[in-house]
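**Q** To start, I am sharing the structure in question, which I have written as structure tokens.
The values are calculated or read from the model by the stated rules, or taken from the named source; none is laboratory data. Every value quoted in this text rests on a predicted model; they were computed, and no experiment measured them. Positions of Cβ are generated from backbone atoms using ideal geometry, with glycine treated the same way; all protein chains shown enter the neighbour counts. When the accessible area is computed, the model is the full protein with side chains, heavy atoms only, and any ligands, DNA or RNA have been set aside. Shrake-Rupley method; radii C 1.70, N 1.55, O 1.52, S 1.80 Å.
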Amino acid sequence: MANITAAVIANRNKKHFLGVPAPLGYVAGVGRGATGFTTRSDIGPARDANDVSDDRHAPPASKRKKKDEEEEEDEDLNDSNYDEFSGYSGSLFSKDPYDKDDEEADAIYDSIDKRMDEKRKEYRDRRLREDLERYRQERPKIQQQFSDLKRSLATVTAEEWSNIPEVGDSRNRKQRNPRAEKFTPLPDSVLVHNLGGETTSAINPSSGLASMVPGVATPGMLTPTGDLDLRKIGQARNTLMNVKLSQVSDSVTGQTVVDPKGYLTDLQSMIPTYGGDINDIKKARLLLKSVRETNPNHPPAWIASARLEEVTGKVQIARNLIMRGCEMNPQSEDLWLEAARLQPIETAKAVIAQAARHIPTSVRIWIKAADLEMEVKAKRRVYRKALEHIPNSVRLWKAAVELENPDDARILLSRAVECCNTSVELWLALARLETYDNARKVLNKARENIPTDRQIWTTAAKLEEANNNIHMVEKIIDRSLTSLAANGVEINREHWFQEAIEAEKSGAVRCCQAIIKAVIGIGVEEEDRKQTWMDDAEYCAKENAFECARAVYAHALQIFPSKKSIWLRAAYFEKNHGARESLEALLQKAVAHCPKSEVLWLMGAKSKWLAGDVPAARGILSLAFKANPNSEDIWLAAVKLESENSEYERARRLLAKARGSAPTPRVMMKSARLEWALDRLSDALRLLDEAVEVFPEFSKLWMMKGQIEYQQKRIEEASQTYNQGIKKCPSSVPLWLLSANLEENRGALTKSRSILERGRLRNPKTPKLWLEAIRVELRAGLKEIAGTMMARALQECPNSGELWAEAIFMESKPSRKTKSVDALKRCEHDPHVLLAVSKLFWSEHKFSKCRDWFNRTVKIDPDLGDAWTYFYKFELLHGSETQQKEVLERCIAAEPKHGEVWCTVSKNIKNWCFKTPDVLKAAIKELAIPI
């Protein structure tokens, strides 16, 4: 009953407005006359966009939702939001379900938007940086505005600094105390001398000078009754300074953090190098302090704290921190090494010495101690002391051995292999320093201790080879494979090949050959042997391990002696990387196993011929005749050998025999060409008449016949010959070109055009026919017709480098660069376009770029003789002798065979004996400098 009464009383005293929300528009204090005031929120919207709405008199939620939907629908679908192209701006299908297809479509559109956004990202970032720089220039920070004033503070004198008033100074205070006295303490040198000029070491307190000394005869302070000893005051002051300096000493015994003599010099090294925000430094410092206090046994926290202080220029604080960390964690080698790094050299030695006492088994600390020593003797002492504590450290033994002379090193290594008997490096190092007999014993012991390492076996093989025990090399390698396999070691073919390459580089040729022979067949399927071994040979050649490659080829030929392809690859390898004698020896073996291979016979004959041994070359070709009696290539090679050596009659007899035994089109052509070169035109024509009757579809016979008739001024017969040849060989483009040139030279321009038109109809999309038609118009002075024809040609052959190269120089000078850009877009790697661009740079006198583009051209197509011709002429005019010689040598090595100007010279019957340098020098005279 009492509880119920208390509840009723409480409800009666409760105010009715408590817990009830305030009415709309209520302002507290209005009833007592309070007035409102304006705040920053009143200027803009008083509520944040994310605040809860205060709409307490709004209609019900269901009606409001229905009304909003109607308004939204009306707003989306009214006429103002309709566009003829994109329709309504609102969503027409918002009520439909969102299925998997919609999700995939949205993902595709999002990926497209992301891709488009990435394309413009670089531009936006650059634009943002530019805007930010422009904004900083227009509205610089306060720090930047006062930077010039800060720099000018460097010129302020000490007197001006002293006249700057303090914060509490004011003119009113000076006016209120106009009679305030200033007391300046006098130095000892003045106090020592009394007014009479006599020197004394004490002051009488009753004298007037006593009032000048602070604390002497001052009211409220004890005044000494006797004389004041000035010497004792100076001594006391010096003692006080020493006490203060010793108070900041470090906890390490005998080590002082502040050098009393050089602390001003140390201040120069304390200039802060950190350019970041000072607030970030403070946060990092507080965080690291919390980590240190929470877990003082965590070394990375101490190291991070010290490095933070070091970065901010407070080196001394960093040293103090790291030394405190070393006290807390004396077993952490990282802390000690960091402490040694932060200290000066002499102090670092003491720190490392203390570290070595705490952690005598740390290899890194001993190595750091040796690095801090400047003299070799001191380093040796450190390493030997270290090896007393850590005798099984290979790293310490190696570092100690490197400092010793060979005799002492051998003694050290003999001890090292006892302590570290599983270190291959130490065993091999000891074997290298020992004599032959002792080295064999050392390697035998090494094999006993480490039976699973292949380097010990290969070192033993190299040792035997170095001492001319060649018969032991192969035995050791075979025994090594057996022993390693018995000890469970997998024979990795690639690793052993690498070991063979290393052996060759060290000069152990027999060892590398024995390794190749032993492991070449391991893990290779029988049907894959040939291809795998050819790949191995190529790999060795790329690594410049030519003896390894020879060993691979020798083994492959031993297994496949009748494979012509292997003999050819081995022969080309010897040609590129071997001597002439090795090539000839290989070819002799090759033709013995593959007598039907014409290429091998011809390579052997050419090698003898290039060496100047013509009789030997004839002997090889005669043997080739016996093995291949009706071989066209061998007949023509014999003819070329005789004609090149001016044995023309023998060449004619050989050709006559060849026509009797193997009458092929090439034999007939070579016979006629030899007669033509010897200026026996009637015999040449007789042979050609016979040849075109037998081989009418061989176009070169018709071309030679027409050219000889043109040379004899028999124009009509030459024209008929070309026409007959075109009928028999309608796909031969050179025949069409020769016929058109003949008509043009006769002045029949219309007939020449007609021939070229017919040629293009029979051979569509042929750039050379279009190019010749364009040049016919250019030679006739009809540039507009030539330009129209060029446009048609590029439409039909858009990727023809020859047409684009011609089009560049048909343009006017200002337009050539634009045309060259279009050409490079179409034919980026076409040698004719690259050559045209090179000539364009030449005409603009950009010689460096011109040389680069010439190099690109000849690199892409070294067979294009015109590129070499222009390049060599350019170097003759603008290059050095070294550059000219280099281009000439590269051209001779490439042996180009094609090119418009090049073929004009090389195919000329008068130049039939020209070599590559002769053709190059003759072709230069046909060129004009590009303008």
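**Q** With every protein chain kept in place and ligands, DNA and RNA left out, what is the accessible area per residue of the range 450-559? Probe 1.4 Å, answer in Å².
**A** Values: 5490 Å² over 110 residues.
Per residue, the range 450-559 has an accessible area of 50 Å².
**Q** Given H placed on each backbone N at 1.01 Å, which residues far from Val524 in sequence or on other chains put an amide H within less than 5 Å of it?
**A** Distant-sequence amide H within range of Val524: zero hits.
**Q** For Glu690 and Trp912, what does the FRET efficiency come to when R0 = 25 Å and r is the distance between their Cβ atoms, rounded to the nearest 0.05? Walk me through the intermediate numbers first.
**A** Values: r = 22 Å, r/R0 = 0.87.
That pair, Glu690 with Trp912, gives E of 0.70.
**Q** Applying the Karplus parametrisation 6.51 cos²θ - 1.76 cosθ + 1.60 with θ = phi - 60° to the phi angles of the range 352-367, what ³J(HN,Hα) value in whole Hz is obtained for each residue in order, glycine and proline being reported as x?
**A** 5, 4, 5, 5, 5, 6, 7, 10, x, 9, 8, 5, 5, 5, 5, 5
**Q** Given 0.36 nm per residue, what is the gain on full extension from Gln724 to Arg395 after removing their alpha carbon distance, in nm? Before the final figure, lay out each step's value.
**A** Details: separation 329, 0.36 × 329 = 118.44 nm, distance 8.76 nm.
Residue separation times 0.36 nm, minus the Cα-Cα distance, leaves 109.7 nm.
**Q** On to the next question. Run the accessible area of the range 470-598 with a 1.4 Å probe and give the carbon-and-sulfur part as a rounded percent.
**A** Values: 3290 of 6820 Å².
C and S fraction of accessible area: 48 percent.
**Q** Here's another thing I want to ask about it. How large is log10 of I(q)/I(0) for the range 415-492 at q = 0.16 Å⁻¹ when the intensity is taken from the Debye formula with one equal scatterer per alpha-carbon?
**A** -0.56
**Q** Rounded to whole Hz and in sequence order, give me ³J(HN,Hα) for the range 538-546 from the Karplus expression 6.51 cos²θ - 1.76 cosθ + 1.60, θ = phi - 60°, writing x for Gly and Pro.
**A** 5, 4, 5, 5, 5, 7, 6, 9, 6
**Q** Let me ask something else. How many angstrom separate the Cα center of the range 712-785 from the Cα center of the range 310-362?
**A** 92 Å
**Q** Rounded to a whole number of µm²/s, how large is the Stokes-Einstein D of the range 450-559 at 10 °C and 1.306 mPa s, given Rh as the Kirkwood radius over C-alpha pairs? Spell out each step's value before the answer.
**A** On the way: Rh = 14.0 Å.
It comes out at roughly 114 µm²/s.
**Q** Multiply the residue gap between Asp371 and Glu644 by 0.36 nm, knock off their C-alpha separation, and tell me the result in nm, one decimal place.
**A** Details: separation 273, 0.36 × 273 = 98.28 nm, distance 7.21 nm.
Difference between extended and current length: 91.1 nm.
**Q** Taking +1 at the Cβ of each Lys and Arg and -1 at the Cβ of each Asp and Glu, which of Ala439, Ala461, Val489 sits farthest along the dipole of the range 439-500 towards its positive end, judged by Cα position relative to the Cα centre?
**A** Checked the options; the winner is Ala439.
**Q** If you don't mind, another one. Hey, with R₀ at 25 Å, roughly what FRET efficiency would Asp613 and Lys885 work out to, going by the Cβ-Cβ distance, to 0.05? Spell out each step's value before the answer.
**A** Numbers: r = 29 Å, r/R0 = 1.15.
It comes out at approximately 0.30.
**Q** Let me ask something else. Which three semi-axes in whole Å describe the equivalent ellipsoid of the range 806-858, each the square root of 5 times a Cα gyration tensor eigenvalue, listed largest first? It would help to have the intermediate numbers written out before the result.
**A** Numbers: eigenvalues 51, 40, 12 Å².
Gyration-tensor ellipsoid for the range 806-858: 16, 14, 8 Å.
**Q** Specify whether the C-alpha gyration tensor of the range 832-904 places it in the rounded, prolate or oblate class, a ≥ b ≥ c being the square roots of the eigenvalues: rounded for a/c under 1.5, otherwise prolate if a/b is larger than b/c and oblate if not. The partial results should precede the final answer.
**A** Numbers: a/c = 1.76, a/b = 1.19, b/c = 1.47.
Here the range 832-904 falls in the oblate category.
**Q** Something else now. Only Lys, Arg, Asp and Glu count, each charged at its Cβ (+1, +1, -1, -1), so figure out the dipole size of the range 834-930 about its Cα centre, rounded to 20 debye. If you can, show how the numbers build up before the last one.
**A** Working: 15 positive and 13 negative charges, 19 e Å.
I would put it at about 80 debye.
**Q** What spacing in nm lies between the two simple spin-label points modelled at Asn799 and Asp528, each 7 Å away from Cα in the Cβ direction?
**A** 3.6 nm
**Q** Show me the ranking of peptides 129-139, 823-833, 756-766 by mean Cβ neighbours inside 10 Å, starting with the highest.
**A** Details: 129-139: 9.6, 823-833: 18.3, 756-766: 16.0.
Ranking the peptides 129-139, 823-833, 756-766 by packing returns 823-833, 756-766, 129-139.
**Q** Check which residues have an amide H placed less than 5 Å from His898's amide H, if you skip close sequence neighbours.
**A** Amide H neighbours of His898: Gly865.
**Q** Right, another one. Say R0 is 45 Å: what FRET efficiency, to the nearest 0.05, do Gln331 and Val489 get from their beta-carbon distance?
**A** Values: r = 39 Å, r/R0 = 0.88.
Once the sixth-power term is evaluated, E becomes 0.70.
**Q** So what is the relative contact order of the range 450-559, in percent, for Cα pairs below 8 Å that sit 6 or more residues apart? Intermediate results must be reported in sequence, preceding the final value.
**A** Values: 116 pairs, mean separation 25.3, N = 110.
23 percent.
**Q** A follow-up question, please. In units of 2.2 N^0.38 Å, what is the alpha-carbon radius of gyration of the range 276-430?
**A** On the way: Rg = 19.1 Å, N = 155, 2.2 N^0.38 = 15.0 Å.
Taking N as the residue count of the range 276-430, the ratio is 1.28.
**Q** Still on this model: State the Cα centre-to-centre distance between the range 526-566 and the range 95-131 in whole Å.
**A** Result: 56 Å between the Cα centres.
**Q** Got a sec? Which residues in the range 860-878 would a label at Phe847 touch, if it sits 7 Å along Cα→Cβ and we count backbone N under 16 Å?
**A** Backbone N within reach: 871-878.
**Q** Continuing with the same structure: Run the simple label-point estimate for Gln558 and Tyr436 please: 7 Å along Cα→C-beta, distance reported in nm.
**A** 2.6 nm
**Q** Roughly to the nearest percent, how much of the accessible area of the range 276-430 is carbon and sulfur, given a 1.4 Å probe? Present the calculation step by step, with values, prior to reporting the outcome.
**A** Values: 4290 of 8030 Å².
Solvent-exposed carbon and sulfur of the range 276-430 make up 53 percent of the total.
**Q** If you plug each phi of the range 735-751 into the Karplus form 6.51 cos²θ - 1.76 cosθ + 1.60 with θ = phi - 60°, what whole-Hz ³J(HN,Hα) values come out, in order, with x for Gly and Pro?
**A** 5, 4, 5, 5, 5, 5, 5, 4, 5, 5, 5, 6, x, 8, 5, 5, 5
**Q** What residue among Ser393, Asn421, Ala318 has its Cα farthest toward the positive end of the dipole of the range 276-430, where the charges are +1 on Lys, Arg and -1 on Asp, Glu, each on the Cβ?
**A** The residue sitting most towards the positive pole is Ala318.
**Q** With +1 on each Lys and Arg Cβ and -1 on each Asp and Glu Cβ, and nothing else charged, work out how big the dipole of the range 276-430 is about its Cα centre, in Debye to the nearest 20.
**A** Details: 24 positive and 20 negative charges, 73 e Å.
That gives the range 276-430 a dipole magnitude of about 360 debye.
**Q** Based on the inverse mean of 1/r over its pairs of different Cα atoms, what is the Kirkwood hydrodynamic radius of the range 754-911, in Å?
**A** Numbers: mean 1/r = 0.0600 Å⁻¹.
After inverting the pairwise mean of 1/r, the radius is 16.7 Å.
**Q** Of Trp302, Trp161, which has the most accessible area with a 1.4 Å probe, and how do the rest follow in descending order? Numbers along the way, then the final one.
**A** Details: Trp302 15, Trp161 135 Å².
The ranking, largest first, comes out as Trp161, Trp302.
**Q** Using a simple spin-label model with points 7 Å from Cα along the Cα→Cβ vector, what separation in nm is obtained for Ala656 and Ile281?
**A** Computed distance between label sites Ala656 and Ile281 equals 10.4 nm.
**Q** Order of 540-549, 456-465 by packing, highest average Cβ count within 10 Å first? Mind showing how you got there, number by number?
**A** On the way: 540-549: 19.1, 456-465: 23.1.
Taking the mean over residues of other Cβ atoms within 10 Å, the ranking is 456-465, 540-549.
**Q** Could I ask something else about it? Taking amide H atoms as placed 1.01 Å from N in the peptide plane, list the residues 5 or more away in sequence, or in a different chain, whose amide H sits under 5 Å from that of Ser362.
**A** Under 5 Å from the amide H of Ser362: no residue qualifies.
**Q** Order these peptides, 665-672, 371-378, by their mean beta-carbon neighbour count within 10 angstrom, highest first.
**A** Taking the mean over residues of other Cβ atoms within 10 Å, the ranking is 665-672, 371-378.
**Q** Ignoring ligands, DNA and RNA, please state the percent of accessible area on the range 795-922 from carbon and sulfur, probe 1.4 Å. Each step should come with its number before you reach the end.
**A** On the way: 3360 of 6630 Å².
Answer for the range 795-922: carbon and sulfur cover 51 percent of the accessible area.
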